[in-house]
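Chemist: Pasting in a structure now, in structure tokens, and then I'll have a few things to ask.
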Amino acid sequence: MLKHLIDPLDLSLQELDQLLELAGRIADNPGRFAHVCQGKKLATLFYEPSTRTRLSFEAAMLNLGGSVLGFSSADSSSAAKGETVEDTIRVVSCYADICAMRHPKEGAPMVASRYSSIPVINAGDGGHQHPTQTLTDLLTIQRSKGRLGNLTVGLCGDLKFGRTVHSLMKSLARYEGIRFVLISPEELRVPDYIIEDTLVAQQIPYEEARRLEDVIGKLDVLYMTRVQRERFFNEEDYIRLKDSYILDMDKMAMAREDMVVLHPLPRVNEIAAAVDNDPRALYFQQAQNGVYVRMALIMTLLGVKEC
Ligand code: NCD
């Protein structure tokens, strides 16, 4: 049984399918789930900025009839006084039934899970993983394309530091007939360990491209990402690379009629505002789906039954 969600592969394929199925049922009839977590508390422990992830976790718990507590920056927690994640989670375990943690250090939520007596959800750890964004992405792909296999998925932008990209690749690689097109500047390529452990080891077909316009026409899904400024070592590199890709209506004209555009958000410059009105742009719908998958995940980890 699932105890924590730290890495996307903590969910078996069967558990993942069940969770997405539950999220789909919640999306179709959210009112039915309005009281299933009454009396339960979610703690959001956010040591890094967030809008969607934290608020969608909080909205998810409130929608289930539960309550929320937490902090939204390291400065406003005892981390500023030097408290370790181990100690913080031991204490939070006394106050809440489940927690979501975002941390700039890779592996911090995993360490927390070892000291926790309540389920810990990784809400993003440094440039490593972001498994609940992946649930959001998968639900959006499944509901728009009708499947998670047999898809050509283009990932574009900062594939090096983008944790949402890393988690999505790991998860999609488990479905039949997935092909990846990795579109990034040389400096922001997918890390070698992901190419080796996920793509080569599982013989997943992939190609790398530098120009979006060269490959956009063959994609079923285009996943745009922002250049992750906060993970750069120097500002000049960020400035040089930040506008490497801008999806505009000229590029959308080269894409298939049924291609869908996803973005975990926040967007900076990488998608022109004009694209928002194109029916293929699903990123705001994706943000809505984030609430449904987090509702399903909280229910699953708390072992809450549908009434
Ligand atoms: C992403 C993240 O935090 O990794 N945002 C999110 O959770 N929706 C993507 C990003 O910050 O670029």
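The values are calculated or read from the model by the stated rules, or taken from the named source; none is laboratory data. These numbers come from a predicted model, not from an experiment. Counting neighbours? That spans all protein chains shown, and the Cβs are built from the backbone with ideal geometry, glycine included. Quick note on the areas: whole protein, heavy atoms, side chains included, nothing else; ligands and nucleic acids left out. Shrake-Rupley method; radii C 1.70, N 1.55, O 1.52, S 1.80 Å.
Chemist: Rounded to the nearest 20 Debye, what is the dipole magnitude of the chain about its Cα centre when Lys and Arg each give +1 and Asp and Glu each give -1 at the C-beta?
Modeler: I would put it at about 840 debye.
Chemist: So if each residue of separation counts as 0.36 nm, and I subtract the Cα-Cα distance between residue 84 and residue 25, what length gain in nm does that give?
Modeler: 17.3 nm
Chemist: Nearest 500 deg cm²/dmol is fine: what mean residue ellipticity at 222 nm does the chain get from its DSSP H runs of n ≥ 4 alone, each adding -39,500 (n - 2.57), divided by its residue count?
Modeler: -10500 deg cm²/dmol
Chemist: Comparing 190, 293, 275, which has the greatest mean-square fluctuation in the GNM of the chain with Cα pairs linked when under 10 Å apart?
Modeler: 275
Chemist: At 20 °C and 1.002 mPa s, grab the translational diffusion coefficient of the stretch 70-157 from Stokes-Einstein with a Kirkwood Rh over Cα pairs, rounded to a whole number in µm² per second.
Modeler: Roughly 144 µm²/s, to the nearest whole number.
Chemist: So which residue, out of 232, 33, 46, gets the largest mean-square fluctuation from a GNM of the chain using Cα contacts under 10 Å as springs?
Modeler: 232
Chemist: Among the lysines, select those whose C-alpha is under 23 Å from the C-alpha of residue 40, and discard any that sit fewer than 8 residues away in the same chain.
Modeler: Within reach: 3, 305.
Chemist: Say each of residue 75 and residue 10 gets a label point 7 Å from the Cα, pointing the same way as Cα to Cβ; how far apart are those two points in nm?
Modeler: Inter-label distance under the simple model: 3.0 nm.
Chemist: Follow-up. Accessible area per residue for the chain in Å², computed with a 1.4 Å probe and the full protein assembly in place, what is it?
Modeler: Here the residues of the chain average 43 Å² of exposed surface.
Chemist: Using only alpha carbon positions, build the gyration tensor of the chain, then give the equivalent ellipsoid semi-axes as the square roots of 5 times its eigenvalues, largest first, whole angstrom.
Modeler: Semi-axes from the Cα gyration tensor: 31, 23, 18 Å.
Chemist: Just to confirm the number: angle between the C-alpha axis of helix 163-172 and the first principal axis of the chain, 0 to 90 degrees, nearest 10?
Modeler: Once rounded, one gets 80 degrees.
Chemist: Continuing with the same structure: Let's test the formula: R0 of 41 Å, r as the Cβ-Cβ distance of residue 200 and residue 304. What FRET efficiency results, to the nearest 0.05?
Modeler: 0.55
Chemist: Quantify, in whole percent, the carbon and sulfur part of the accessible surface of the chain (1.4 Å probe; protein heavy atoms only). Write down the numbers at each step before the final one.
Modeler: On the way: 6510 of 13140 Å².
Roughly 50 percent, rounded to a whole number.
Chemist: Loop sites only, by DSSP: take the GluC sites (Glu not before Pro) in the chain that have at most 14 other C-beta atoms within 10 Å and name the longest stretch containing none of them. Could the numbers behind the result be given before it?
Modeler: On the way: sites that count: 83, 106, 176, 257, 306.
The longest such stretch corresponds to 1-82.
Chemist: Between the stretch 5-71 and the stretch 286-307, what is the separation of their alpha carbon centroids in Å?
Modeler: The two parts, judged by their Cα centres, are 4 Å apart.
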